[in-house]
Each structure stands twice: as C-alpha cells, then as structure tokens.
Ligand code: NAD
C-alpha cells in the first residue's frame, strides 16, 4: 500500500506542489506519509490572503458571541477528527497512542478555552477628569505568523492558533518538517467548522526557506515561535528588521529540587513523566534532578529501577512506555551528549546507548554526580536522559537550580510549605511545580525567562499576546 499524501491548506484551499517531503516513522524507519512542500511562493500566497482577510476585519467585526461559537465549533471538530489524527501522529512522531490522543485533546481544549474568552475581550474606561472621555480597545494584531516544532505539533499549533483566532487575527502556520501530517487535520477541523477562507493557512516547508520567508514577509504582523534557541535568535534578528513583536518559547534545562521530606512515590511518578514522557523531548522536561545528599542513595536506586522498568517499543503498542526520539539526527545528538558527559567525568548509571532494534531508540539514561561545569548540567539534551546532582543546603539548591542560561520551569519536592514558598520566589523560571511535574494546564500561563524566551502562551494572559491596545481620548466640546 502506498503511503498517504497530504496537502497544504492555503486560504481555504488544499494545494499540492511539485515537490514533496517524505515523513519517516521513527519507530520503524518506514515511510509514514508524504506532504506537499511549500516554498516562498506558497508562503507569499498564504500571507497575501491572510493580509486581505485581516484588513477586512471579518473576524474582528463579527459579533463576539458568533466568533466564540465559531471557535467552539472548531474544538468540537478537532475532537471529532482525532480518531484519524491519532494514529497519524503516532506514526510520524513515534509517541504513544495515549500521548497522541492527549495532543488532540489539548488542541481542542485551547479552542474551548479561548472560545470562552472571545466575547470577553473588553477594553477599559479611564477617568481623565471633567471634559474628557477615555477608553481602550483591544484590536487584533492582524496577521499572526506561527512556527511550530516537531515534539508536540498538534498541541502547540492549537496553543497559538486558538487565542490568535479568538482575538480576531488571521493566522499563517508553518508546520515542522519532521511531523507535519497530523497537523493538517487542524486545518481540516477549522474548515469543517466554517472558519472563513483566508483566516487560516497551514503550510509545511523547510525552516530556512518557508519559515524564513514567513518571518521576512511584510504582510506578517507578529511571529510566534516555539523551537530551539539558535533558530529563535535567527528569527529575532529578522523580526528586528521589521520591528514586529515576537513570542519566543525556547528550550530549557529544568531542575527538580528534592528535599529529604519529599514523598518519593510522588517524585517517581513525576520523574516518569518528567524525563521519559515523549522520550524526554519536551522543552519543560525534568532533565536535571538536584537531590539532598541525605536521600541521594535511596532516590538514585529508585530512579534506576524506574529506568530499568521502561518498555521500549512502537507508540501503537499499548505496553510501550518509552518511544523513539524523532530522527536519526536527534538520536545521534543525544548519544554524543552522553559520550561527552562520560568524558567529563559524570557517572553513567544506566543507558547512554541506542537500543539494538530498528528505529531511533535511546535507552533510558541516568547520569549521577553531574557537576555544574559539565555540559550535561547546562545544555538541553532533548532525549530520555536524567542528570542527577546533590546539594547540602537550601541556599545551595536554589543556586544550583538557577545555574544555567535557561529558565523555563523548575520543580520543588517537599512537604514543607515554607521551603516551597521560598523556592517559588528564589527559582528563576516561568513556572514552578510543587510536588508534581507538569502540574497546570491550558488555563495556566506558560513561558520562559532568560534563554527560554519571552511572552506567554496559555491561560488568559496569552490572549493579550495577540492584540494591540488602542487608547481613545476624547475632549468633549461645550
Ligand atoms: P528548531 O528550532 O530546529 O525548529 C523549530 C521550527 O522552526 C521548525 O518548524 C523549523 O522548520 C523552523 N525553522 C528552522 N529554521 C528557521 C528559520 N531560519 N526561520 C524560520 N523558521 C525556522 O527546533 P526543533 O528542533 O524543531 O524543536 C526543539 C526545540 O524546541 C527544543 O529546543 C525545545 O526546547 C523547544 N521547544 C520549546 C517549547 C516551549 O514551549 N518553550 C515547546 C516545545 C519545544
């Protein structure tokens, strides 16, 4: 049977192209599907349509209740389409069926959540004294250009598409080269829900061609980027040329800080999610653990046991707990970082190798005695690799947790509310988890400090990344 072929969605039309991209299943190394490859021409076409749509104000001028209903219908269509999308996402990304289902659920949740805000984007009335009336509007930015990575393509596309559309913008999304297939179903869901033509285009193309063309296009008013620091900086330079705003969701090297009174069952559940979920390819992964020296041996034994219990396999197999990384290139980078860690003197407890089977599998890996001068302490790995270190005092714990250039998330495991509250202030990160890694959800604002980026996604806060505040000051005449 030949692999399915997917198209780009440009302003309400499904468009093929002369060139196509092969998408490989990382668990089997077989072809998962192909997709039409968009270049500069297709990006121009999408932005031109989006610009015209935004300038007409079709979504913004719609009655807010109607816009809210439209956004809510998209959520329902995403839920309806998930049955087709989940196996596709498993095949192209390698993740488990449950994880792929969670992506579609989350994408639908973003549309539900921002549908609830679409009719509550209210300006303020500002008193200026006798003889004046002053008020503000929140107007859409216009055209939101959105660039998505491969680790959670459906979830992350929903995260930025939903608030942008709810605020009345037109959106042009560039999907990632490695995992563009399931994302096309988001465009299908929008189309099925009756989103007007021109409000959305979704294209797959190479980052340095289609991505760069989107950022440079004068018709784009904003870039929302999720991806690596290196690409983020390239995009920021290009965006600076046109002085357009950006939301940057970049990488992380986040630490869990574990105190002697921590609930270790709860901690192990968090480690399982924190570093083995999606094979550690999560920007907010628990890639470091700082454990108090009094409980180091016990925690290390339990983490080692957890790693040994991982079942490697295809995402479609229900017994699988650890899936492959996304590509051969990704696997080789992860293994190279493990080799460097060993050379620099970190103690390899388990893993550190590829698995002897087809697919791009990396064994669950635990390093101990990882010191601040080592690359494994400071650099993002993006694989199932946990770096453990110890601390003696609370002050040292916060200092070590903050000793990287990143600041995406941080976790505190303790029963002592005072320690948790002090840590929530001392840790330099966009979000703090106490006693549960990944606590929070669509409702909670998310983003980084330092090299992890700026701007916020999720929660009510994110909606205001997609609007301009316009103030109107009126002098009343006698
Ligand atoms: P990447 O930077 O290589 O690619 C991300 C996207 O940018 C892709 O769609 C790619 O095609 C595009 N791109 C590449 N070069 C471009 C250019 N010159 N101009 C415009 N677009 C370009 O990142 P990746 O390897 O796909 O993703 C992994 C990275 O993403 C990790 O660093 C991870 O931490 C980060 N990430 C962050 C978050 C977050 O919310 N903070 C979430 C997921 C992933």
The orientation-averaged projected area of the Cα convex hull of segment 254-441, in nm², is 10.1
quick note, the chain, DSSP beta bridge pairs, % antiparallel (nearest 5) is 40
Mean separation of Cα contacts under 8 Å (at least 6 apart) over the residue count of segment 254-441, i.e. the relative contact order in percent, is 29
Restricting to Cα pairs under 8 Å and 6 or more apart, the percent relative contact order of the chain works out to 18
Taking 97-104, 309-316 and ranking on average Cβ neighbours within 10 Å, highest first, one gets 97-104, 309-316
With Cα coordinates, the longest principal axis of the chain makes an angle with the long axis of helix 417-426, in degrees rounded to 10, of 60
Per-residue ellipticity at 222 nm attributable to helices in the chain (runs of n ≥ 4 DSSP H, -39500 (n - 2.57) apiece, nearest 500 deg cm²/dmol) works out to -11500 deg cm²/dmol
Ranked output for segments 339-347, 33-41 by mean other Cβ atoms within 10 Å, highest leading, reads 33-41, 339-347
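Indicate, rounded to the nearest 5 percent, the antiparallel portion of the DSSP beta bridges found entirely in segment 254-441.
15
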Between the modelled labels at residue 353 and residue 66 (7 Å from Cα along Cα→Cβ) the distance in nm is 6.5
Counting only backbone N atoms under 15 Å from a point 7 Å out along Cα-to-Cβ of residue 476, the residues of segment 107-136 in range are 126-135
So the angle from the long Cα axis of helix 97-118 to the longest Cα principal axis of the chain, reported in degrees to the nearest 10, equals 40
Sorted largest first, the Cα spans of the chain on the principal axes come out in Å as 77, 68, 39
Rounded to the nearest 10, the angle in degrees between the Cα long axis of helix 64-93 and the longest principal axis of the Cα atoms of the chain comes to 40
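Rule-based calculations on the coordinates, nothing more; no lab input. Values in this document were obtained by computation on a predicted structure and should not be read as measured data. Positions of Cβ are generated from backbone atoms using ideal geometry, with glycine treated the same way; all protein chains shown enter the neighbour counts.
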